Amino acid sequence: MTAVIAAQRPHYVLWLPVLLGAGICAYFSLKFEPSWVGALAVLLVPALAVLWQWRRARAGGSVALLLLFGLALAFGAGFAAGKVRTEMVRGPVLEKQMRFANVTGTIRSLELLESGRGSRAVLDDLLIEEIAPEKTPRRIRMTISKDEGLRPGQRIRVLGGLNPPSAPVAPGSFDFQRYAYFRELGAMGFAYKAPEILSEQQGGFYQALENYRLMLAQAAKDHVGERETGVVIALLTGERAAMSEDQWDDVRVAGLAHIIAISGMNIGMAAGAAFFLSRLLMALFPRLALYHPIKSYAAVIAFVAAFAYALIVGMSVPTFRALIMTGLFLLAIGLNRSPFSMRLAAVSAGALLLFYPDILLGASFQMSFAAVIGLIWFYDVTRDWWVEAYTKAGWLQRAIIYLAGVCLTTILATIVTAPFSLYHFQQVATYGVAANFIVVPLASFIIMPLAILVYFLAPLGLADWPLAGMAWGVDVMLDIARIVAGWPHAVVHWPVWSGAALGIMIFGMLFMLLWAGRSRWLGVLPLVVGMVMVVVTTPPDILISSTGKLWAARMDGDRMMISSRVADRFTAEVWTQESGLPEGATEKIPDEGLYQGENGMVSCDADACRMEMEGAKIAFINQPVALAADCAWADVVVARMSVEKDCAARVVIDRFDVWRNGSVAIWVREGEKPTIRTVRDLRGDRPWAMNNGR
């Protein structure tokens, strides 16, 4: 055993971000907000233990115990980082809906929406009528349909409607309230009319950068066809709001979303183009090429280009993460070290998690680092073969090797990120390899190099021809996405499953990739356990929205029955996706009469619906007149009004229950009491969880 532990010595540093992430997960999984004393204790106790054992180890004490305390310290650092980040961004959040609000604020950023829909603005430095300054959110996001003349930095006044950030639409669904909390967004809204511009834009680098981005988006709208405009804007500025829903669906189903999203690939393409072009130009001067490290110079120039690109597309957390990875990659090249290093990935992940611990919960961070770690491991194992093949090959063979690398990279990235795609989006692209085989070279050699030219030429008014070239490449990409998305079984759907199963699978994958020696294959065991947990997980039989106006039931294997096509439509769409069903796989329950499904039956009239499923009787009551009879008949009563305590049903869910606890999920099993879970049950009382009756 000692030999096995000793063999891990070169890999110790690789496990630090893993334990850091475990601490962050522990913090965010709590149902209550820990105190400062508790959070610091989780950090300081192992820190003191490390100091104590370090002194003992110098005198011949156990090094293994020192290592154990060090891992506990990394765990505590992750836990404390989560607490610090939560308190740093804590701010007021709108408590209830405001149908009419006079809002005065400064435009922090402006994002063009799909043609004809206006813009989406983030406002700060706010004054909101009827809200005290200490209760005014730091920032709000508003959709402004009449956006003529608006620019970042302007001070505006607008009449609009405001809503608090929305809670998850089902237990375990995406938590938009948490997302908004860590972006300091205290309300969402829309403008009823064109804003009044109170003062023109303010100066400063940030506002100049926002205006430059807006200028790029406007140039794309002026010189690019309507079909390609949204994608071109996304690639130039990082904003995807101008893309149509149909385009985004095709791109996602075809496995090309990583091209549109500003990720490591886009930053890498920008850096790669700058690196090879600058090195080529320097190589044209013999004295410079012979007596200077032009590869190191090119790496510096490439990082400057990558940094500039990251600023232009918006230094979001995913972009910042990609920039750090690219910077470390280029640093290794400049120092003549191998850039394919797990240590670089570990340092990058650790730095990001310390400063932005909340990103660990997002799909972007998880999928990016899963792909990076998997690819580094594969190309490190096969490096000698690739170097030998490339060295001996001619230009045609090298082109074939490049295309083979694209295919292998896509296959590996798809396999490694598939669990994360299924967990976060309940689907995975089947034919991503075929689409990426064509689109990745197209983006690398045509679309992105032309985008770099647009950045230089747009301020001079000369960007029409590179934009036309980008539009041609994007048009080909969209055609390929549409064709691939239309193939049979282009996407695999799967019902939502637990984060515990994902965590166990992640541990298994990391153990196989990071552990040294044959015992690494023990990681297969937790991987299999996680897969079994996914397979045996069943979606809820019944879902009830937080408004109480919509309910749904899985009465057939391939579709979901819903009570209304008008109420809470977005909620119904998410429920369908999270049940592992394709879009549109819903059917409205008849307002009158009987419906017989595979898993049960439901009978409705104007006052109520009665359902029988797996031996359980469920009543959905619309009118108080049905309460007495249905309380006596049903095992579960779901009522749109308040219900007295004398209702005889085993489980009662009324309007105040969903108001306090959020959406409800119900599982029914023959002969067992129904299992009930609410949004509040899973989230608890955290600073971002706006529970009513808190």
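The values are calculated or read from the model by the stated rules, or taken from the named source; none is laboratory data. Predicted, not measured: the structure shown is a model, and the values here were computed from it. Backbone-built Cβ (ideal geometry, glycine too); neighbour counts: all protein chains shown.
Structure above, values below:
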item: Qualifying residue in region 231-240 (condition: under 30 Å from Thr106 (Cβ atoms), under 23 Å from the mean Cα position of the chain (by Cα) and surrounded by fewer than 21 Cβ atoms within 10 Å (Cβ to Cβ)); result: yes
item: Number of the condition not met by Met215 [criteria: (1) part of a helix (DSSP H, G or I); (2) buried (at least 21 other Cβ atoms within 10 Å of the Cβ); (3) touching a residue at least 60 places away in the same chain (Cβ under 8 Å)]; result: (2)
item: Which listed residue, of Gly473, Gly432, is within 17 Å of Ala257 (Cα to Cα), small (Gly, Ala, Ser), crowded, with 18+ Cβ neighbours inside 10 Å and at pLDDT 90 or above; result: Gly473
item: Within region 434-526, helices (runs of 4 or more DSSP H) holding 2 or more residues that are touching a Pro at 6+ places or on another chain (Cβ under 6 Å), more than 30 Å from Trp575 (Cα to Cα) and outside the structural domain of Trp575 (by TED's automatic domain parsing); result: 448-457
item: Hey, Gly693 surrounded by fewer than 20 Cβ atoms within 10 Å (Cβ to Cβ), over 28 Å from the mean Cα position of the chain (by Cα), at pLDDT below 85 and not assigned by TED's automatic domain parsing to the domain that holds Met601 or not; result: yes
item: Contacts under 8 angstrom Cβ, first residue in region 264-288 being within 30 Å of Ala370 (Cα to Cα), partner among the basic types (Lys, Arg) and assigned to a helix (DSSP H, G or I), 6 or more apart; result: Gly264/Arg321
item: Among (1) over 25 Å from Gln427 (Cβ atoms); (2) surrounded by fewer than 16 Cβ atoms within 10 Å (Cβ to Cβ); (3) hydrophobic (A, V, I, L, M, F, W, C) - the single one Ile483 does not satisfy; result: (1)
item: Pairs with Cβ under 6 Å, 6+ apart, first in region 169-190 and under 24 Å from Ala121 (Cβ atoms), second at pLDDT below 95 and aromatic (Phe, Trp, Tyr); result: Gln177/Trp688; Arg178/Trp688; Tyr181/Trp688
item: Filtered residue count, region 413-429, keeping only those that are crowded, with 19+ Cβ neighbours inside 10 Å, in contact with a strand residue (DSSP E or B) (Cβ under 6 Å, 6 or more places away or on another chain) and in a helix (DSSP H, G or I); result: 2
item: From the options Ala194, Ala220, residue that is part of a helix (DSSP H, G or I), buried (at least 16 other Cβ atoms within 10 Å of the Cβ) and not acidic (Asp, Glu); result: Ala220
item: Helices (runs of 4 or more DSSP H) (entirely within region 271-337) containing at least 1 residues that are buried (at least 19 other Cβ atoms within 10 Å of the Cβ) and at pLDDT 80 or above; result: 294-312, 317-334
item: Test: residue in region 397-412 that is modelled with pLDDT of 80 or more and part of a helix (DSSP H, G or I); result: yes
item: Criterion violated by Arg554 - all others in (1) surrounded by fewer than 22 Cβ atoms within 10 Å (Cβ to Cβ); (2) of a type outside the set (Ser, Thr, Tyr); (3) not in a loop (DSSP other than H, G, I, E, B) satisfied; result: (1)
item: Residues located in region 557-569, provided they are of a type outside the set (A, V, I, L, M) and part of a loop (DSSP other than H, G, I, E, B); result: Gly557, Asp558, Ser563, Ser564, Arg565, Asp568
item: Any chance Arg85 is modelled with pLDDT under 90 and either on the phi > 0 side of the Ramachandran plot or basic (Lys, Arg) (or both); result: no
item: Selection count where residues are farther than 24 Å from Gln207 by Cα and either in contact with a Gly (Cβ under 8 Å, 6 or more places away or on another chain) or hydrophobic (A, V, I, L, M, F, W, C) (or both), scope region 132-158; result: 1
item: In region 527-546, residue surrounded by the fewest Cβ atoms within 10 Å (Cβ to Cβ) [restricted to those that are of a type outside the set (S, T, N, Q) and outside any helix (DSSP H, G or I)]; result: Pro539
item: Neighbours by Cβ (under 8 Å, 6+ apart or cross-chain): first from region 373-399, surrounded by 12 or more Cβ atoms within 10 Å (Cβ to Cβ); second part of a helix (DSSP H, G or I) and among the hydroxyl-bearing types (Ser, Thr, Tyr); result: Leu375/Thr409; Trp386/Tyr379; Arg398/Tyr390
item: Filter result (of a type in the set (Ser, Thr, Tyr), more than 22 Å from the chain's Cα centre (by Cα) and buried (at least 17 other Cβ atoms within 10 Å of the Cβ)) within region 80-118; result: Thr104, Thr106
item: Failed criterion for His489 (all others in (1) at pLDDT 90 or above; (2) of a type outside the set (S, T, N, Q); (3) at positive phi hold); result: (1)
item: Residue within region 616-625 that is in a helix (DSSP H, G or I) and surrounded by fewer than 19 Cβ atoms within 10 Å (Cβ to Cβ) present; result: yes
item: Top-ranked residue in region 570-605 [being outside any loop (DSSP other than H, G, I, E, B) and among the hydrophobic types (A, V, I, L, M, F, W, C); ranked as surrounded by the most Cβ atoms within 10 Å (Cβ to Cβ)]; result: Trp575
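So that you can scan it fast, the table gives a plain yes or no per residue for (1) in contact (Cβ under 8 Å) with a residue 60 or more places away in the chain; (2) in the same structural domain as Phe507 (by TED's automatic domain parsing); (3) assigned to a helix (DSSP H, G or I); (4) closer than 25 Å to Phe190 by Cβ:
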site: Val18; (1), (2), (3), (4): yes, no, yes, no
site: Ala22; (1), (2), (3), (4): no, no, yes, no
site: Tyr27; (1), (2), (3), (4): yes, no, yes, no
site: Val42; (1), (2), (3), (4): no, no, yes, no
site: Pro46; (1), (2), (3), (4): no, no, yes, no
site: Leu51; (1), (2), (3), (4): no, no, yes, no
site: Ala57; (1), (2), (3), (4): no, no, yes, no
site: Gly70; (1), (2), (3), (4): no, no, yes, no
site: Glu130; (1), (2), (3), (4): no, no, no, yes
